[in-house]
Number of protein chains: 2
Amino acid sequence: MAASASIWKTIYLGSFVHSQTLTELEICRQGAIGVDENGVIDFVEKNISNISELKSKDSSWQDAKTVKIPGNGFFFPGFIDTHTHAPQHPNTGLFGKTTLLDWLQTYTFPMESSFKDLDRADRIYQNFVARTLSHGTTTCAYYATIHVPATNLLANICLKRGQRALVGRVCMNSDLSPEYYRDESVESSVRDSKTSIDYIRSIDPAGDIVKPIITPRFAPSCTAECLTAIGQLAAQEDTFIQTHISENKNEVALVQELFPTSKSYTDVYDTHSLLTPKTILAHAVHLSPEERRTILERGSKISHCPASNTAITSGCSPIRTLINEGHTIGLGTDISGGFHPSILDNVRQAIWVSRHLSIQIQSDAAKLSTEEALYLATRGGAAVVGLEDKVGGFEVGKEFDAQMIVLGEVGDEGGIEAGPVDVFGWENGQEMVEKWVYAGDDRNTVAVWVRGRLVHATRKFKGAE
Amino acid sequence: MAASASIWKTIYLGSFVHSQTLTELEICRQGAIGVDENGVIDFVEKNISNISELKSKDSSWQDAKTVKIPGNGFFFPGFIDTHTHAPQHPNTGLFGKTTLLDWLQTYTFPMESSFKDLDRADRIYQNFVARTLSHGTTTCAYYATIHVPATNLLANICLKRGQRALVGRVCMNSDLSPEYYRDESVESSVRDSKTSIDYIRSIDPAGDIVKPIITPRFAPSCTAECLTAIGQLAAQEDTFIQTHISENKNEVALVQELFPTSKSYTDVYDTHSLLTPKTILAHAVHLSPEERRTILERGSKISHCPASNTAITSGCSPIRTLINEGHTIGLGTDISGGFHPSILDNVRQAIWVSRHLSIQIQSDAAKLSTEEALYLATRGGAAVVGLEDKVGGFEVGKEFDAQMIVLGEVGDEGGIEAGPVDVFGWENGQEMVEKWVYAGDDRNTVAVWVRGRLVHATRKFKGAE
């Protein structure tokens, strides 16, 4: 299996940038990151003038390969997408004027139900995993569909491509979903989920790359009995759990109607043992202070999906409040409620949503800085998916999940077509990062590594020497 | 001069899409647009099965060249950018946490003042005009700097590249601007403006491609005496006028302080003869109903700059209200308050801003549809710059300003890297347009024409046959 085979020791040379804290980026212009045979960071040097000197210090690095970054580029941690729906990829951009509940019926369920056709699933999933990798996403929490074969196929594709993934078969047995697309019974819902969990664990027993995640779609999609059974399965199998919470006001009202004895949306999950430290809750737009307190007490995590919340007019998640309260938060693209598979685009969108909140409350306090949004996209996301000790930044002992960012130099070969960012040569490190964040796209993500393995490269990448 | 030399008659064959009304797109899958030697549309056919039949109907088209669009593409009118600052291009993405007034001092004035160096101006302007063309912008209202030589250079570049442009030397004589970057006196402000107007008219006497535009930066940048003199110059020269209005609340308060006898921000311009049917007012975020009435009565136009208003937290312009009142509105990128030189990106941003307004007022009424935003980007913008009879849609008698949009087919050569949009083959015309609007970028703008002249093409464009 490619993911565990040992690799050539490699020194990544040049600028690197990562979050030091929530509010600070470290920008190191003359760095060197040594990655060992297992893809683990062995050393991080911050003031390197000479690669030979570095190699001569330690003879075991004498034969190491080198990946050099040009002056207008930097290494950056891979992005973590904490919430997305792989089968909805072909619907990206299609939502018309719908909001959540009618959008599900019009666009989502018909598309997802078609994944009983495994050839079709293969074509779409291959394309989507390639697409997310090209945007620098090294870890992704995927919702699949209700179909076991297609869900397992998605896990196979992630494993083969080397993208870390949580892959979840969607549980949904209530009659909110159309008859043509739902679990037949509580029993089949549990059985199919278990089958997929077992399969995913069989292809990657250590869970180095792919892991299963129990995925009750959202409360209205499941009967109380089903939620109970799913909660038990999660405890029994000790898996991650992902679901949606409090995305849209009509949805919140619907949950209250469907679960009249529950105190709140959060309470529905809590009373069915679905709020654990391994639970990822997407959206969290309209939670009450009490609900947020419960989530915090249970140690559950939050996936902020700003592009989606804007596109389908769900609302503005109060990220500043959630941060101040101490929640663990990452970003999610939420394809296809969200309209872009790129976490970089969602970094921007998180900033815009926070600025709209700031306009609403007439205070700068709500504004996310560039640094904060990048933190959510990397270290924040890593903590959401339980990988905070393994990825999210460049420290000794972490695994090397990274993207090589190269910006366009004005007058370069390739010109305008080569990429969207224009660097004139006088920009400092901070400005390079900001130009990338506000104007960059996948053309600037020239190469991507997971655990030191190259998982994506554009024509511009020259390879290791 | 390239812009007036006659060209080969050409038939543009395949799908075309343009706004029929504010709320309706016409999507024609088997079209043919005939463009004559002057770049004027001679015929528009909507159900063509056979090019030979078409040519044989009229012998004068027998030798016409043909540009065919592939099945996953369509011709679309060129975009009109009704407000942008060319010299601020290198600052794109750099605004930190500033808002309008401190952003000007920190980022904008230092950059603009450097345009006294003509080599530097040449490098930046060449790059920016190439950049806006690559995003399908066929007409652009540019602010330059206070420098006559650099302003004239920008007009030269636009004329040479064939991009329609209004080019304005910026007037600013008040002490809001730093001593190192402002007009020395009212006299020099008028004289320099006149010099640049004369120059631009000398290089394109008919104004087919480039025209001058009088550009008082915004009320706080000019003394009352200067505004009077500039208003007189505009009347005497019968030119377009562009300025900013009511972008940010602190700015509105500052105007009230600086012009204590004026009833409002709008009144400042009105009483200095600067509100004419040829006036373009950028932003219009915080106008009172009375101000909006005055603008409507004067026939002045509005440039909506959604990305900029979000990025520097100016507010949400009430576009639905402005539309309902009958204002003429286009979109502006407002580089570098805006962070993207693409009008397509601002189509999306206009939609997001309208959705945030809709979230604020808890009503769907504020929402702009895809169709409406595309209308503002084309026909709306054309009316703002006084070209509604010449460009903005595909009708007989209009000039052919167009972009060739090609979306990526999954499995195509080039793959993921070829572009950001994935077409699976089952999409209908409406869905193709939506995929482009919500996920597309300059990679999908394969070729661009102004008056039938090719002004930009990517490697994918095969040329006319």
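Ignoring aspartates and glutamates fewer than eight residues from residue B:263 along the same chain, the ones with Cα atoms less than 16 angstrom from its Cα are B:251, B:290, B:291.
Sorted from nearest, the other copies put their residue B:232 label points 9.0 nm away, the label point being 7 Å from Cα in the direction of Cβ. In terms of the mean number of neighbouring beta-carbon atoms within 10 Å, the peptides B:319-331, A:146-158, B:337-349 order highest first as B:337-349, A:146-158, B:319-331.
Straight-line cross-link partners of residue A:160 among the lysines, defined as a Cα under 21 Å from its Cα and at least 8 positions apart when in the same chain: A:211, A:390. For chain A, the relative contact order is 20 percent, taking Cα pairs closer than 8 Å that sit 6 or more residues apart in sequence and dividing their mean separation by the residue count.
Can you tell me the alpha carbon radius of gyration of chain B divided by the globular rule-of-thumb value 2.2 N^0.38 Å?
Scaled against compact globular proteins, the figure is 0.96.
Across the identical copies, the 7 Å label point of residue A:21, projected outward along Cα→Cβ, sits 5.8 nm from its counterparts, in ascending order. For region B:193-341, report the % of Cα-Cα distances exceeding 24 Å. Of the Cα pairs, 32 percent sit more than 24 Å apart.
For chain A, DSSP calls about 40 percent of its internal beta bridges antiparallel. The lysine pair count for region A:43-112, using Cα distances under 19 Å and pairs eight or more places apart or on different chains, is 7.
When chain A is turned onto chain B, the axis of that turn runs closest to one Cβ of chain A, and that residue with its distance in whole Å is A:356, 2. The local environment of residue A:61, defined by Cβ-Cβ distances under 9 Å, has a net charge of 0 under the rule Lys, Arg +1 and Asp, Glu -1. Among the residues of B:351-360, the average count of other protein chain beta-carbon atoms within 10 Å of the residue beta-carbon is 6.
Averaging the sequence gap over all C-alpha pairs within less than 8 Å and six or more residues apart, then dividing by the number of residues, gives region A:300-396 a relative contact order of 29 percent. Across identical copies of the chain, residue B:412 has label-point separations of 2.3 nm, listed in ascending order, with the point defined 7 angstrom from Cα along Cα→Cβ.
Kirkwood hydrodynamic radius (Cα pairs, Å) of region A:224-288?
Hydrodynamic radius (Kirkwood, Cα pairs) of region A:224-288 is 12.1 Å.
Fewest-first ordering of B:6, A:308, A:262 by other beta carbons within 10 Å of each residue's beta carbon gives B:6, A:262, A:308.
Each reported figure results from applying straightforward, stated rules to the coordinates on display, with no laboratory input. Computed from a prediction, not measured in an experiment: that's the story for all the values here. Note that we place each Cβ from the backbone using ideal geometry, even for glycine, and neighbour counts take in every protein chain shown.
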